[in-house]
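J.: I have a structure here, written as structure tokens, and I will follow up with some questions on it.
Each value in this text was obtained by applying a stated rule to the coordinates, not by laboratory testing. Because the structure is predicted, anything quoted here is derived from the model rather than measured. All Cβ positions, even for glycine, are placed from backbone atoms using ideal geometry, and neighbour counts span all protein chains on display.
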Amino acid sequence: MSERDPFRGFRIPVDPEDVEATLRALRKRLEDTVASGRYTKVRLSYKGRVLGPDVPLAVLLASEGVAFWLLSPLAAVLVNLGAKAFLDVEFIHEADELVQEGLNLYMDGELEAAEVRYREALAKRPDDPAALYNLGTLLRVTGRKDEALSALRRAAMGPVTHPDVARAAEAIDRMTSGRKTL
């Protein structure tokens, strides 16, 4: 099998005797894929500095389509390549926005509303380390230690490059060792 096979990770075994199970597996796979891919905005930056407000993804895609239609396909590709050589393009996930809203609410003392936002973010992306870490912190502050440990343990299992994974591991260590935090 080729390393560049785009469908490599999307194989679903088909059992001719149980087509319904195959359809359920396909439906579940598609739901998970859609839920994890809810990118709603694009952030453009140059040398790490954000150039302006985030652009809705639909607007960016529409402008790409218009550029492709108005210009020749080759010119549209060249403009895109030229712009991408200088600009950093970052896709913003809907869950990231909800986590940020939750963090703002938490800082304003609106703990119940913040918890709702974190849980909404987790509904969109169940293994989001930022949402899990922030939810775990909120639960710890509100005295729900067991729930907090559960959320923090899930956060600590995320990708090692994510900063909230290390923070979650440190919080678990503090909570389980009995040391007081500042």
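J.: Using 1/(1 + (r/R0)^6) with R0 = 35 angstrom and r between the beta carbons of Asp88 and Arg119, what's the FRET efficiency to the nearest 0.05?
T.: Values: r = 31 Å, r/R0 = 0.88.
Working from the Cβ atoms, E equals 0.70.
J.: When the C-alpha atoms of segment 94-177 are aligned to their principal axes, what extent does each axis show, in angstrom, from largest down?
T.: Projected onto the principal axes, the Cα atoms of segment 94-177 cover 30, 27, 18 Å.
J.: If I stretch the segment between Leu51 and Ala25 completely, what's the gain in nm (0.36 nm per residue apart, minus their alpha carbon distance), one decimal? Don't skip to the answer; put the middle values down first.
T.: Working: separation 26, 0.36 × 26 = 9.36 nm, distance 4.25 nm.
In short, 5.1 nm is gained.
J.: Under 12 Å from the 7 Å Cα→Cβ point of Met175, by amide nitrogen: which residues of segment 122-147?
T.: Flagged as within label range: 132-147.
J.: Separate question: Estimate the FRET efficiency between Thr161 and Leu111 by the formula 1/(1 + (r/R0)^6), using the beta-carbon distance for r and 25 Å for R0, to the nearest 0.05.
T.: On the way: r = 29 Å, r/R0 = 1.17.
After rounding to 0.05, the efficiency reads 0.30.
J.: In nm, to one decimal, how far is the modelled label at Lys145 from the one at Val66, with both set 7 Å along Cα→Cβ?
T.: The modelled label-to-label distance comes out at 5.9 nm.
J.: Now, a different point. Sorted by mean Cβ packing within 10 Å, highest first, what order do the peptides 88-101, 127-140 take? Kindly include the intermediate steps, with their values, before the conclusion.
T.: Numbers: 88-101: 18.1, 127-140: 23.9.
Descending packing order for the listed peptides: 127-140, 88-101.
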